[in-house]
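Scroll down for the structure; my scribbles are underneath it.
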Amino acid sequence: MSNRLPLVVLLAASIIGPGKAFASAPSTTENPGYVQDFTAYTLPSGAIKLGFAAEYGVSETIDVGLDTLALAAGAPNLKMKYQVWSRGLHSVSIGASVSYLNRDTALWGFVKDHFDELDAQIVRPQISWSQRMSPRLTLHSHWSIGLGDVNASLSEEGRKYFWESKYPQGDYETRTQDVSDETNTEANLGLAHRTLQAQSLMGLSRDFFQISGEFHRDESKRILLSSRISNLQLESLKSQDFRVTAAQEWRHGAFNFRLGLGILYQVLSGADLDGESVDDAGFLPIGDFDIYWIF
């Protein structure tokens with residue numbers, strides 16, 4: 001996909017934006033701008049965000065933090081966001097994250113048992129632009145690209161596990177595939193498995209472009225509509241997907257909770273880690289969930 005696509009979309013969003021400016025409430029510790037990885041806003045100085053990600057406002061324009069879920073899985077990481085420009089309706093930030101994972105640091109026994117090699121060293125620069133379209137509506141555009149290598153090879157136990165996941169009625173020793181099951185069922189099992197494998201292992205090197213519309217219903221509720229295009233690669237296995245999600249977020253004091261659903265269309269190609277050729281495409285349901293506190 002052309003790297004010029006994000007620029008074209010951003011330009012189009014700017015052209016169709018409102019012609020008149022309006023007064024917007026300034027960010028405060030009690031009511032900060034919508035601080036997410038895909039927005040240009042940063043935490044107020046001294047503020048702390050705790051949840052699936054942990055962040056700290058070093059100053060009014062600089063955040064540092066980490067992905068707590070990745071850390072819990074044994075992947076040390078660090079990220080930073082710097083709001084380089086904010087004027088009127090527009091805010092722009094740049095940032096970067098670094099992540100590291102290998103078989104020794106991984107905390108899941110599944111990884112240690114099913115992989116002979118697993119090593120990822122990723123640097124991900126990013127840019128975000130938030131534009132207030134009206135007093136209630138804000139458009140967030142985000143582009144991130146992963147730089148680095150993800151190397152993985154299955155152990156013999158891992159190859160057997162993945163093969164049997166695809167062909168639960170087959171015989172791994174003779175590689176005999178049971179074709180008595182319905183073709184659709186077999187295809188769905190294979191697609192679901194490879195999707196999980198691609199997402200869990202290639203998440204560290206994900207490249208994506210996302211546009212999100214944030215609509216304020218009132219002081220305690222917001223609706224988030226998002227679309228994202230992603231490219232992933234692990235060894236010779238490649239994935240491209242497009243997703244659309246709709247979610248509502250509730251705020252009660254320092255507590256924030258977001259819940260939503262969407263649909264993902266994913267195309268997989270290349271060779272799976274167990275050496276089998278992959279050529280799949282299909283729709284899958286996907287969730288949009290977040291929970292965090294801001295102090």
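All of the numbers you see were taken from the coordinates with simple rules; none came from a lab. Here the structure is a predicted model, which means the values were calculated and not measured. Every residue, glycine as well, gets a Cβ built from its backbone with ideal geometry; the counts of neighbours run over all protein chains shown.
Could you give the size of the charge dipole of the range 217-295 about its Cα centre, using +1 on the Cβ of each K and R and -1 on the Cβ of each D and E, expressed in debye and rounded to the nearest 20?
640
If R0 is 22 Å, what FRET efficiency do you get for residue 84 and residue 54 from their C-beta distance, rounded to 0.05?
0.45
In the calculated pair distance distribution of the range 223-293, what percentage of Cα-Cα distances lie above 18 Å? The partial results should precede the final answer.
Numbers: 1292 of 2485 pairs.
Taking all Cα-Cα pairs of the range 223-293, the fraction more than 18 Å apart is 52 percent.
By the scheme Lys and Arg +1, Asp and Glu -1, what is the net charge of all other residues having a beta-carbon under 14 Å from that of residue 231?
+3
For the residue pair residue 112 and residue 290, what label-to-label distance in nm results when each label sits 7 Å from Cα along the Cα-to-beta-carbon direction?
Modelled inter-label distance: 3.4 nm.
Measure up 81/238; 49/81; 166/238; 49/79 against 22 Å on the Cα-Cα distance and list the ones that go over.
Check vs 22 Å cut-off fails for 81/238.
Distance in nm between label sites at residue 153 and residue 68, each 7 Å beyond Cα in the beta-carbon direction?
3.8
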